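Just below is one structure, and these are the notes that go with it.
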Amino acid sequence: MAFHTIRHKRPPFVGLAGRHLQSLRRRDFVAGAALIDGCWIDSEQRDLVLDPASGEAIGSVARCGAVDMNTAIAAAERAFSAWRALLPARRGAILRSWASLMLDNADELSILVTSEQGKPIAEARHEIAYGAGFVEWFAAEGERAYGETIPSHKPDSLLQVRMQPIGVAAAITPWNFPVAMITRKAGAALAAGCPIVVKPAPETPLSALALARLADEAGIPAGVFQVVIGDAIELSKPLLSDPRIRALSFTGSTEVGRLLLEGAADTVKKVSLELGGHAPFVVFDDVDLGKAIKGAMAAKFATSGQDCLAANRIYVQRGIYDAFVKTFAAAIAQLKIGHGLDPATDVGPMTKLSVAEKCRAQIDDAVRRGARAISAPQGTGLCSLFVAPTLLWDVTEEMLIAREETFGPVAAVLPFDTEEEVVTRANANERGLAGYIYTDNLRRALRVSELMECGMVGVNTASFTGPPIPFGGWKQSGLGREGSRHGLAEFMEMKYVCFGDLAA
Ligand code: NAP
């Protein structure tokens, strides 16, 4: 398990993050109680929350068990009929108040995110705006959950399709975007008319619990938005086996996604999965080098590389390969590694030690097999969760980094010669979340974007996510979509109604 049990309730608040948290205006954001059926639930045993940049304890949270999860599911079931019966505009108004409370409290929320997740504070601020954006967008989209009228194939009949809320939903969310991965799921579920029970990652419970405080303040009724914290296996068992949970949405690794899909089979839940990526980032030699470098820096080092959209295999055409490597190395050398609460920091720590170790194993493997490497200078006294931003070049397809997702600040550059070759190499993987193409040739951009086997493609841009787009992957990168009208549909059932014998 990724967290540590304590029996006392007061966290020590000593390091940089601890001091920032201690000075929060909103003391309730660090209270650490779960929100179940409209009540703040504490427990005798609490789990420590750690600052990944220092390893220091910065808070503690209640440890809920299966009984608490069952209470939450029952409360959600009771709350369902009243929540679905509200006019979508009324649900939208409540959701809009939740989003504006997030924005009103953005400074304090971003301190929480950086303190427990580690990302640079400017990125945390961006995440709050991005996260609130999903709630605002779905508040309006809930009013547009249109059905259809079908031209009838039978005499004297009227054929209707209605979209109705699926029932109680559950979300198991990750630590890399501790706010936005909750709001992207909850915004859609709540707008569709479904209560949702959230089980956040154990590394980042404070951000989730702060969202729960704001949901309560915004007037989201008891049982409609609940956050239950504790051991993943213990809490996910009732979520999977209980037939009252009709939809399950998960973001995390492909391995855990597979287990959840299997676990949801008995009760035939609607499952949506946002799993790992292994994005190819393809740079053709007709493109402006500066634009491609800017894109590669953003696609690789945002969230300190802990992003499922991160560029994992940077394919560069032979004609600009040497110039690209030289310029990219110079840009990486400028990155400042440090505590996310220091505004000068570009790259923070990895949130989990296992992620840092995977990065180091991939670097060692690549260098052993003949890749060349250069790392940005690393400050002194940094703990083992820090990984220096590293460029690996002359990477080949058999190296681990070309076969597995990295999830850290390690950039792998591979040379290629032809368009046909790079498309084959980009697609030769069981992951298919995102891909990037940099070229000034429009015909080539159209051809390659058509052939890439993934759910999302950025052409000459590294920035394409947001509430209106269908976020999701092909192959083993996931099932279903989040954001956009397709994200709303994940929490709805279609009902076909045939009115017959209409002739007077
Ligand atoms: P993970 O193992 O998939 O864990 C994600 C969440 O699922 C955590 O809350 C975890 O809780 C929970 N979980 C683990 N095993 C479970 C089970 N059998 N049943 C129910 N829930 C379970 O991800 P990770 O270890 O944190 O990260 C590993 C890799 O996953 C990363 O390196 C990255 O490749 C990928 N990842 C992808 C995304 C994304 O945005 N798609 C996000 C995060 C991670 P516990 O920690 O308590 O086990």
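Which lysines have a Cα less than 19 Å from the Cα of Lys358, not counting those fewer than 8 places away in the same chain?
Lys119, Lys300
Could you point to the residue in Gly276, Ile229, Ala331 farthest towards the positive end of the chain's charge dipole, with +1 and -1 charges on the Cβ of Lys/Arg and Asp/Glu respectively?
Selected residue: Ile229.
Could the peptides 18-31, 425-438 be put in order, highest first, of the mean number of other beta-carbon atoms found within 10 Å of their residues?
On the way: 18-31: 16.4, 425-438: 23.1.
Descending packing order for the listed peptides: 425-438, 18-31.
Given the peptides 277-287, 459-469, 179-189, arrange them by the average over their residues of other C-beta atoms within 10 Å, most packed first.
Numbers: 277-287: 24.7, 459-469: 15.7, 179-189: 29.5.
Top of the packing list down: 179-189, 277-287, 459-469.
For the chain, calculate the relative contact order in percent as a whole number, restricting contacts to Cα pairs under 8 Å that are 6 or more residues apart. Present the calculation step by step, with values, prior to reporting the outcome.
On the way: 1205 pairs, mean separation 88.2, N = 504.
Here the relative contact order equals 17 percent.
Go through the stretch 36-41 residue by residue and turn each phi into a ³J(HN,Hα) via Karplus (6.51, -1.76, 1.60, θ = phi - 60°); whole Hz please, and just put x for glycine and proline.
10, 6, x, 10, 8, 9
Would you pull out the residues with amide H under 5 Å of Ala171's amide H, same chain only if 5 or more places away, H placed 1.01 Å from N?
For Ala171, the qualifying residues are Val197, Val198, Lys199, Ser249.
Could you give the length gained on full extension between Ala82 and Tyr496, defined as 0.36 nm per residue of separation minus the Cα-Cα distance, in nm? Please list the in-between numbers first.
On the way: separation 414, 0.36 × 414 = 149.04 nm, distance 2.34 nm.
The Ala82-Tyr496 span can extend by a further 146.7 nm.
Using 0.36 nm per residue of separation minus the Cα-Cα distance, give me the extension gain between Glu450 and Ala122 in nm, one decimal.
Values: separation 328, 0.36 × 328 = 118.08 nm, distance 3.47 nm.
Answer, rounded to one decimal: 114.6 nm.
Between Glu421 and Ala330, how high is the FRET efficiency from 1/(1 + (r/R0)^6) when r is the Cβ-Cβ distance and R₀ = 35 Å? Nearest 0.05.
Details: r = 28 Å, r/R0 = 0.80.
Efficiency at R0 = 35 Å is approximately 0.80.
Assuming 0.36 nm per residue, please report the length gained on full extension of the stretch Arg26 to Ala503 beyond their Cα-Cα distance.
Numbers: separation 477, 0.36 × 477 = 171.72 nm, distance 6.43 nm.
Gain in length upon complete extension: 165.3 nm.
At 7 Å along the Cα-to-beta-carbon direction for both Arg368 and Ile150, put a label point, then send me their distance in nm to one decimal.
Those two pseudo-labels are separated by 5.8 nm.
Based on alpha-carbon centroids, what's the gap between the stretch 141-168 and the stretch 16-76 in Å, whole number please?
42 Å
For the chain, what is the charge dipole size about the Cα centre, in debye to the nearest 20, if Lys and Arg each add +1 at the Cβ and Asp and Glu each add -1 at the Cβ? Present the calculation step by step, with values, prior to reporting the outcome.
Numbers: 52 positive and 57 negative charges, 128 e Å.
With Lys and Arg at +1 and Asp and Glu at -1, about 620 debye.
In whole percent, and with a 1.4 Å probe on the protein chains, what portion of the accessible area of the stretch 279-467 is carbon and sulfur? Walk me through the intermediate numbers first.
Numbers: 3960 of 7480 Å².
Percent of accessible area from carbon and sulfur atoms in the stretch 279-467: 53.
What distance in nm separates the simple spin-label points at Arg360 and Thr267, each placed 7 Å from Cα in the Cβ direction?
Simple spin-label model gives 4.1 nm for this pair.
Tally the DSSP beta bridges in the chain and give the antiparallel ones as a percent, rounded to 5. Can you show the working numbers first?
On the way: 31 of 69 bridges.
Among the beta bridges of the chain, antiparallel pairing accounts for roughly 45 percent.
Can you tell me which aspartates and glutamates have their Cα less than 17 Å from the Cα of Lys154? Leave out same-chain residues fewer than eight positions away.
Within the straight-line limit of under 17 Å, Lys154 reaches these aspartates and glutamates: Asp501.
With +1 assigned to the C-beta of every Lys and Arg and -1 to the C-beta of every Asp and Glu, and no other charges, what is the dipole magnitude of the stretch 348-504 about the Cα centre in debye, to the nearest 20?
Details: 16 positive and 20 negative charges, 71 e Å.
It works out to roughly 340 debye.
Counting alpha carbon pairs within less than 8 Å and at least 6 residues apart, what relative contact order, in whole percent, applies to the stretch 279-467? Don't skip to the answer; put the middle values down first.
On the way: 363 pairs, mean separation 53.2, N = 189.
Relative contact order of the stretch 279-467: 28 percent.
Any idea how far the Cα center of the stretch 361-400 sits from the one of the stretch 322-345, in Å?
Using only Cα atoms, the two centres lie 14 Å from each other.
The values are calculated or read from the model by the stated rules, or taken from the named source; none is laboratory data. Keep in mind that this is a model prediction, so the values were computed, not measured. Neighbour counts run over all protein chains shown; Cβ positions are idealised from the backbone, glycine included. When the accessible area is computed, the model is the full protein with side chains, heavy atoms only, and any ligands, DNA or RNA have been set aside. Shrake-Rupley method; radii C 1.70, N 1.55, O 1.52, S 1.80 Å.
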